[in-house]
Each structure stands twice: as structure tokens, then as C-alpha cells.
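Input: a single structure, listed below in C-alpha cells.
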Amino acid sequence: MAIDYQTTLDEIVIETLIYKEKGKVADYIPELAKVAPDQFGIFLQLLDGESYYTGDAFTRFSIQSISKVFALTMAFSFLGEKLWERVGVEPSGTAFNSLLQLEYEKGIPRNPFINAGALVVADILVSHLNDPKKELLHFIRHLSGGEKVSYNKAVALSEKRNGYRNMAVANLLKSFGNIQNPVEKVLDLYFNMCSIEMSCEELAKTFLLFVNHGKIPGSEDEILTKSQTKRLNALMQTCGFYDESGEYTFAVGLPGKSGVGGGIIALYPEKFTISVWSPRLNEKGNSVRGIKALELFTTKTGMSVF
Ligand code: GLN
């Protein structure tokens, strides 16, 4: 029997109401603390073109760490397998902004989705692009099929003003020789990419290349090879939720990536992408209601890669 996706999404809204007030909106910068906490949206995009949504699926929010996937995609397409000489592919088991591991692992970040790894990726983009901020945005717009995705200048500035820990990570990386450009340039790109705003709808559409073997659906435009796409999906599965990646995989069973803006994108290769947004976070920095919604989605539909 065909799955009734709309009914499934509508049920999820009701069944996750008990989590509506659980968790805390990110408040490490004033800009993010201002977000109305009870917003909630889901957008499901099937690869065959059909889509379903509910709630605040068209409201843009700060995608934060989800942007690390876009930056990584670009860097991987530039460097290929050489990329993994500068950043690992192992879950970290430590907080996304931790400095500890980086010190004893001599400046090679565990994976590209903790902040240290994303800073190395940002450094690679700074090395390869004339105008990294402009070109990264252009790349994301190209993937999204629209022109509306943008940086939020106030958020970027706030990240910069309060980014002491990221500055420490960048300087530690530089001391080990794993940042090649001036740290200010690398941090500027990093803070800006964290400030990008997208809606659930835009995220679900933009991530379609990961369910389509690296190609934008409907075009022959190969962003990543089939094998590279497999690798990035594997990284999203194992490292996409910081030190909650195991629990997330256990509960949901789909590759994905979260951000402290409360957004999550998850996907099933050859089938669909699904994005959820709910700003209240658990102590690991992942959306409480968002993870519950995805857990219910894969339980109700049986659509998990496991
Ligand atoms: N701007 C945040 C930071 O660098 C992004 C982290 C996140 O979404 N986990 O701390």
C-alpha cells in the first residue's frame, strides 16, 4: 500500500506536541536567542518530484552547522581524496567546539563536521576561491535552484564578536600548520557560512544531489561522483549530529546533518530528503522536537536505511 505522507506528517505534528517546550534555543549569540522558540516545520521532498509539508516549512532560519555540508562538498570536489590528509572521518565523541582532541591529535580534526574540521574545510575554500563568501553562496544557490538563499549579516557579526572558542580552534589548527591562510580570513568565511538562512523547503531541495548520486535532479550537472556522494552520506550518518550521532542513528536511521539553529536535514539515497526545524535544542545542540519528528517518520513509514 502506498504511504500516505501527508497524513504521516500531520500525525507527527500532533504526536510531537509533548516536546514543544522541551529544550532551549541556542543563546551563545544574542541574534539566535531572539528566535521564537515554538516554531516547527517539516518538508519532505521525494526524488520523483512529489513533496509534502507541514507547519513553518517556508520560514527561513539560521542553518548554522548544516552549511558545513555545502562547504565540504565544494572542498571535496576540489581536492578529492587528498582532502582526508587534512581532516579525519571518525566520529569525535566530543562536543562540536571542543579543543581537547585537536591538541592530542596534533591538529588533524576528527571529522569535517566538528568546528575544527569545518575550519580546515573553510581554509581549503579560501585557498581555492578568489571570493570564497560569494562563490560558496553562488554554489548553494545553484544547488537550491533559486537566488534567495543569503547570509544574515547580523548573525555573522554576532558570531564574530562572540567567537572566542572558534578563534582558539583556528589558532590551534594554524599552530599545527593545518590552516594555510590567515586565520581571520578563514574565520570570516566560517562565521558567514554559519549565518546562512534557508527554509525547510530550500534545504530539502538543495540536498537532493545526495540522494541522486551527486547530480542535481533533472540535469547532467555532476557536483560529486557517485563514490564521493557515498562518502559524504556516510559522514553525515556517522558524524552529522556531533557527539549524539550514535543515538541519532539509533533513533532515526537516516544520514543527516543538524545545526544549532534547530534545523535538521536527513535523507534516504535514491528516495527522498526530509528537513525539520524546531529551535529548541538538547544539551548536545540538536533540535529536540526535530529528532523526535524524524524518529516518528522512519518508524511510521519504515523508510530507514537500516
Ligand atoms: N556557529 C556555531 C559555532 O560555530 C555553529 C555550530 C553548530 O551549529 N553546531 O559554534
Take Val13 and tell me if it is β-branched (Val, Ile, Thr) and over 22 Å from the mean Cα position of the chain (by Cα). yes
Collect the residues in region 190-201 that are more than 16 Å from the ligand (Cβ to nearest atom) and assigned to a helix (DSSP H, G or I), keeping them in residue-number order. Cys200, Glu201
Counting just the residues of region 29-58 that are under 24 Å from Glu159 (Cα atoms) and of a type outside the set (A, V, I, L, M, F, W, C), which one comes out surrounded by the fewest Cβ atoms within 10 Å (Cβ to Cβ)? Lys34
Going by the structure shown, is Ser144 more than 16 Å from the ligand (Cβ to nearest atom), in contact (Cβ under 8 Å) with a residue 12 or more places away in the chain and within 21 Å of Gly80 (Cα to Cα)? no
Evaluate region 245-268: report whether one residue or more is more than 16 Å from the ligand (Cβ to nearest atom), at pLDDT 95 or above, hydroxyl-bearing (Ser, Thr, Tyr) and closer than 19 Å to Gln45 by Cα. yes
Inspect all residues belonging to region 163-177 and state whether any of them is more than 20 Å from the chain's Cα centre (by Cα), within 14 Å of the ligand (Cβ to nearest atom), closer than 18 Å to Glu31 by Cα and not charged (D, E, K, R). yes
Of the conditions (1) touching a residue at least 60 places away in the same chain (Cβ under 8 Å); (2) part of a helix (DSSP H, G or I); (3) of a type in the set (Lys, Arg), the single one that Lys160 does not satisfy is (1)
Taking region 89-111, which residues are more than 14 Å from the ligand (Cβ to nearest atom) and either closer than 29 Å to Cys200 by Cα or of a type in the set (Phe, Trp, Tyr) (or both)? Val89, Glu90, Pro91, Gly93, Tyr104, Arg110
Being more than 16 Å from the ligand (Cβ to nearest atom) and at pLDDT 95 or above is true for just one of Asn233, Asn286, Asn282. Which residue is that? Asn233
Does Leu125 satisfy the criteria of being away from the ligand (no atom under 15 Å from the Cβ), within 16 Å of Val87 (Cα to Cα) and assigned to a helix (DSSP H, G or I)? yes
Go through (1) surrounded by fewer than 20 Cβ atoms within 10 Å (Cβ to Cβ); (2) part of a loop (DSSP other than H, G, I, E, B) and name the single condition Gly80 misses. (2)
Hits in region 1-34 - residues which are farther than 29 Å from Phe210 by Cα and part of a loop (DSSP other than H, G, I, E, B): Lys20, Glu21, Lys22, Gly23, Asp27, Tyr28, Ile29, Lys34
Could you tell me which residue of region 76-104 is farthest from Gly177 (Cα to Cα), considering only residues that are touching a Lys or Arg at 6+ places or on another chain (Cβ under 7 Å) and at pLDDT below 95? Ser92
Among all residue pairs at least 6 apart or on different chains, which show Cβ distances below 8 Å where the first residue, located in region 164-188, is at pLDDT below 95 and the second is among the hydroxyl-bearing types (Ser, Thr, Tyr)? none
Under the condition of being under 16 Å from Asn115 (Cβ atoms) and hydrophobic (A, V, I, L, M, F, W, C), which residue from region 156-173 is surrounded by the fewest Cβ atoms within 10 Å (Cβ to Cβ)? Ala168
Can you spot a residue in region 147-157 that is under 29 Å from Gly41 (Cβ atoms), at pLDDT below 95 and away from the ligand (no atom under 16 Å from the Cβ)? yes
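The values are calculated or read from the model by the stated rules, or taken from the named source; none is laboratory data. It should be emphasised that the depicted structure is a prediction, and the values quoted were computed from it without experimental measurement. Note that we place each Cβ from the backbone using ideal geometry, even for glycine, and neighbour counts take in every protein chain shown.
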